Structures are given as C-alpha cells and as structure tokens.
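Note sheet for the following structure.
What follows draws every value from the coordinates through simple rules; no lab data is involved. Since the model is a prediction, treat every value here as computed from it, not as a measurement. Heads up, the Cβs are rebuilt from the backbone with ideal geometry, glycines too, and the neighbour counts pull from every protein chain shown.
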Amino acid sequence: MKEISCKLLVIGAGPGGYTCAIRAGQLGLGTVIVEAAKPGGTCLNVGCIPSKALIHAADEFHKVGRMASGESRLGIAVGAPRIDLARTMAWKGSIVGRLNNGVAGLLKRAKVKIVEGRARFRDGKTVEVETELGLQVIRAETIVIATGSVAAALPVLPFGGKVISSTEALDLAEIPERLAVVGAGYIGLELGTAFAKLGSRVTIVEAQGQILPLYDSELTRPVARRVQELGVEVMTGARVKGLDGGALSVERADGSRTAIAADRILVTVGRGPATEGWGLEAIDLDRDGPFIRIDDRCRTSMRGVYAIGDVTGEPMLAHRAMAQGEMVAEILAGHKRAWDRVAIPAVCFTDPEIVAVGLSPEEAARAGHAVKTGLFPFQASGRAMTLEREDGFVRVVARADNHLVLGIQAVGAGVAELAASFGLALEMGARLEDIAGTVHAHPTLGEGFLESALKALGHAIHA
Ligand code: FAD
Ligand code: NAD
C-alpha cells in the first residue's frame, strides 16, 4: 500500500475536475486528480464531443441525401450517399482520443499528479484508490468532489438489451431501422434528430406537453417544425408503461395505449448525480434532493470538502462545471471569489439550434420586471438566405425602464456560436443602446442581435 499527501485532491477528471486541477496546478497548489475512466469525463468521452461529432456526420449525410434526391436549389447534383458507420465512429473516436491526450497533457504541464482508479472515501481528508499497482491512499488538506452524473433509468424500462442510454447510442455498430426515444429533452432531441437524418424511423415520447419543455414554445416551434419535416413522430403528454412483447408500451394523453415497435429504445429522461458506490456515505454531506448541497463558493457541509459540476445539480452543463472548477481553485489559492455570474448560456444542438442566456419574456415577467422585447426573424436576414436557412429568430428581453438586457434567446441554424456575444452582453450589463451602438459585421447572423435590440428600441432597420 502506498500513501501520498497533497494540498488538493480532485475526484473525477471531467470538465469540472480537470479545470479545477489545472488551475490549482498553475497557482502552485500541490494537486492530485483521481479518475476511474478516461480524462475528460462524460463530456469528452460519452457526451458533448461525441454527440456533436455524430450530429455533424448526420447533418452532412442528410445534406448530400437532399442533393441526391434533387431537392437542392443550388444546382448541385450527386449520387445517393452511403454511410460506413464504422468509419464515422472511428473518426468520432479519434477526436475523443486527441482530446483525452490533450487533457492529460494539460494536467501534466500544470504539474498535477494523475492517479488512475476509483476513489473511495475513508474520511473527510482521506481517500483510497484501487489502482493497477495496488492500493493508493491519498491524504489531502482539501478535497473537491467532481464525480459528475449518470443517466437516469426508468423503473418500468431498465437499461439492458434494446433499452439503451446515450452512451450506447453514441457507439452503435448499426443505424437502428426503428428508434424510439423516451424524453424530448436535450439528449433525446439532439440524438433523435441525428438518427432521423441517418435514416432511422424515429418516434419520440415526451411526458410533458411540448418538446424541450425547458424552453418557451416560441423558441421551440422551429425545432418542432423541422423534426416533423424529418418524419419524426412526436408523442407529447405520453407516459411509458414498459415493454410489451418487445414493443414500447405508451399511454397517450387521452388515456389510450399504443405499442411502438423499435429496434432500439433510447431512454433520455435526465441524469442523476454520481454519488453512489464510492463511500460518500462515510462523510455524510448535506444534500439538495439527490445532489450534493453547495454554497456560493462550492463549499459542502463539511469543512475542506468542495463539490462542483453535475454532482451539485442543474444546470448540468460542461461550461458551468468548468467555471466552478476554476473558481474553487482560485479560492483555495487565497483569491476572493464567489459565484457571481449573471448567466450560464444554454445551447441545444438541435436543428435548428437554440441558444438561451438569462431570462425569457415569461421568466422576466414572473420575476416582476416590466419588459420590452425585440424579435428579429431570420427571414429578413441576407446571411440566413445565403445559407438556405431562414427559420428562426433572435429575441432580446430588456427592462422597460432602463433598457438593461435581462435575456437573449435565438433559434436558427448555427446560432450556437452567438452564445458568446449573448453571454458577454449580459455579463457586462449591456443596455439595448449598447447593442444598438455596436457595429455588427455584415452579412452575419449576429446582425440579428443588433436588429432585435433596435426593434425593442422601436427603430429596427431591416424588419
Ligand atoms: P463528468 O463529466 O461526469 O465527469 C466526472 C468524472 O468523474 C468521470 O470521468 C468519472 O469517471 C469520474 N468519477 C466518478 N466517480 C469517481 C470516483 N469515485 N473515482 C474516480 N473518478 C470518478 N453539456 C454541455 O455543456 N454541452 C453539451 O453539448 C453537452 N452534451 C451532452 C451530451 C450527452 C450525450 C451527455 C450525456 C451530456 C452532455 N452534456 C453537455 C453535459 C456534460 O457532459 C456535463 O455537464 C459535464 O460532463 C459535467 O462535468 P463534470 O466534471 O461535473 O462531470
Ligand atoms: P433533460 O432533462 O434535458 O430532458 C429529459 C426529458 O425527459 C424532459 O423533457 C422530461 O419531461 C422527459 N421525461 C422525464 N420522464 C419521462 C417519462 N417517464 N416519459 C417520457 N418523458 C419523460 O435530460 P436529458 O436529455 O437526459 O439530458 C441530461 C442532461 O444532460 C441535461 O440536463 C443537460 O444539462 C445535459 N445535456 C446538455 C446538452 C447541451 O448542453 N446541449 C446536451 C445533452 C445533454
């Protein structure tokens, strides 16, 4: 048995954990990070990156398919596309591999010691890790828990056989002929759309009254329309009852039952914290529902133990985990930091994409604000026309009295890249006049942001 001591021990090398460890290393804190699987966590290995790779491959395949069937207005003709899924998956795997090595390299450069194996708490200062070389005991002044999340299972539809989570969906050997998706949230819609473009017949079952219930219906309407165009059947207000002779048994909103034949059933009904099976009960931290409770410095109920990322609850997004990780490292190095971010952008990589930062019009009204909103439709954008994608809009929400921007949302092809300017505007406390007073390059989709602000001010030029 080997023993080491360190200033900081980080458990889990996902976006939260590796960012925390790298920043701590840069700040000169003796840091050890333990990872049971590969560096990069859910996001890099089985989440953000592989899903966006598959979505890109599906988009390309679908685009060529449209050209082959004579649907392109650009005068481009090609033969019918074929896809070699094994090569697609190998390409996806090569991106993941490059990034795994990249994260490991960044940790080493920051002089962070990486221990491979599953950590288990002995007490609030001591963790043991079963490594290939035997048991490693690590004593630390401070421990950061960054163990992330796992896919939530439905008791009536446990994982196994044809019932799969996103992890298996991102590693399929064949494109399923018939795919049923349970849950029309982020993963269900992103992957459901990708498989529809790859040729699967997709049915999506959602318990709530609309797809992507997290967003308002104005924002999700273009996505619902596109999903319908792709031939995806969407059943909202429907409840899954289990498997019935291999088919998915579903109770519709009106109480009637239907059976959906499917080769694969992808269950995407949310994710839960990774808190089980590694001795967390030994230190008995306060919980917020199933998640670890934290304060505005990511401190848990035990002194010297912090928690960051998905294990601490919504929003379960990689960039939130990273921002928390960086903040905690700086706090441990003695900097005065607390969570004071105005907003965390959310991007849904559907077709078209959705971006939301800050408050929607309804949320602003519920918070008691009198608001002005401005909406610029991409139908009026020259850039959107040249990209053959006029669906969607940019919408800005501001206080009626002083025009402080409270929220910005957009839906449209490629709008994910606008998240940075939307986030910056909110974080810098921009008013409508600041956006209107910024020269936006032409022709870009970003001009929609300028135009939405002008619209809210009552003098839009192009709409
Ligand atoms: P994780 O990334 O879950 O990392 C936790 C790490 O801890 C894992 O590597 C795990 O092996 C390790 N670990 C757990 N327990 C132990 C232990 N006892 N000992 C040692 N190691 C341990 N978010 C976005 O922002 N954008 C997206 O586009 C996006 N797409 C997604 C797509 C899918 C299909 C999924 C599933 C998720 C997606 N997410 C996305 C969410 C994103 O992946 C998570 O928010 C993010 O990974 C959380 O980071 P984390 O560091 O908290 O935890
Ligand atoms: P989600 O919370 O986004 O969506 C789950 C959906 O399942 C909801 O619409 C919910 O109403 C529905 N649902 C719940 N129980 C159901 C049932 N019994 N029958 C039918 N529908 C049911 O969860 P997810 O899609 O699994 O994603 C998990 C997390 O991963 C998200 O919270 C998100 O933070 C993260 N993620 C983010 C991105 C991104 O940022 N682009 C992409 C993928 C995942």
Taking Cα pairs closer than 8 Å and at least 6 residues apart, the relative contact order of the chain in percent is 15
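Mind running the shape call on region 33-147? Use the C-alpha gyration tensor, a ≥ b ≥ c as the square roots of the eigenvalues: rounded below 1.5 for a/c, prolate if a/b tops b/c, oblate otherwise. Kindly include the intermediate steps, with their values, before the conclusion.
Numbers: a/c = 3.85, a/b = 3.71, b/c = 1.04.
The shape class here is prolate.
For the residues Val78, Val396, Val227, Val112, what sequence is obtained by ranking on other C-beta atoms within 10 Å, fewest first?
Numbers: Val78 12, Val396 34, Val227 23, Val112 26.
Least to most surrounded, the residues fall as Val78, Val227, Val112, Val396.
Quantify how much of the Cα-Cα distance distribution of the chain extends past 31 Å, in percent.
Working: 53161 of 106953 pairs.
Above the 31 Å cut-off, the chain has 50 percent of its Cα pairs.
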My understanding is that a pair violates if its Cα-Cα distance is over 26 Å; which of Lys52/Lys111; Lys38/Lys336; Lys2/Lys125; Lys92/Lys197 do that in this structure? Lys52/Lys111; Lys38/Lys336
Provide the FRET efficiency to the nearest 0.05 for the Gln228-Asp434 pair, computing r from the beta carbons and using R0 = 56 Å. 0.90
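Find out how many positive minus negative residues lie around Lys52, taking Lys and Arg as positive, Asp and Glu as negative, among other residues whose Cβ is under 12 Å from that of Lys52. The partial results should precede the final answer.
Numbers: positive: Lys92; negative: Asp59, Glu190, Glu353.
Once positives and negatives cancel, what remains is -2.
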Considering only Ala384, Val371, Phe349, whose Cα is most displaced toward the positive end of the charge dipole of region 344-463, charges sitting on Cβ of Lys, Arg (+1) and Asp, Glu (-1)? Val371
Tell me, Trp278, Trp339 in order of fewest to most beta-carbon neighbours within 10 Å? Trp339, Trp278
Tell me, which cysteines of the chain are without a disulfide-compatible partner by the Cβ under 4.7 Å rule? Cys6, Cys20, Cys298, Cys348
log10 I(q)/I(0) for region 1-87, Debye formula on C-alpha points only (no solvent), q = 0.17 Å⁻¹, two decimals, reads -0.78
By the mean-Cβ-within-10 Å protection proxy, highest first, 65-77, 375-387, 289-301 rank as 375-387, 289-301, 65-77
Debye equation applied to the C-alpha atoms of region 272-363, log10 I(q)/I(0) at 0.23 Å⁻¹: -1.22
How do Thr193, Thr220, Thr31 line up, fewest other C-beta atoms within 10 Å first? Thr220, Thr193, Thr31
The chain, dipole about Cα centre (Lys/Arg Cβ +1, Asp/Glu Cβ -1), debye to the nearest 20: 760
Give, in whole angstrom and from largest to smallest, the semi-axes √(5λ) of the equivalent ellipsoid of region 230-277, with λ running over the eigenvalues of the Cα gyration tensor. 24, 14, 13
Largest to smallest principal axis extent of the C-alpha atoms in region 246-321, angstrom: 53, 26, 24
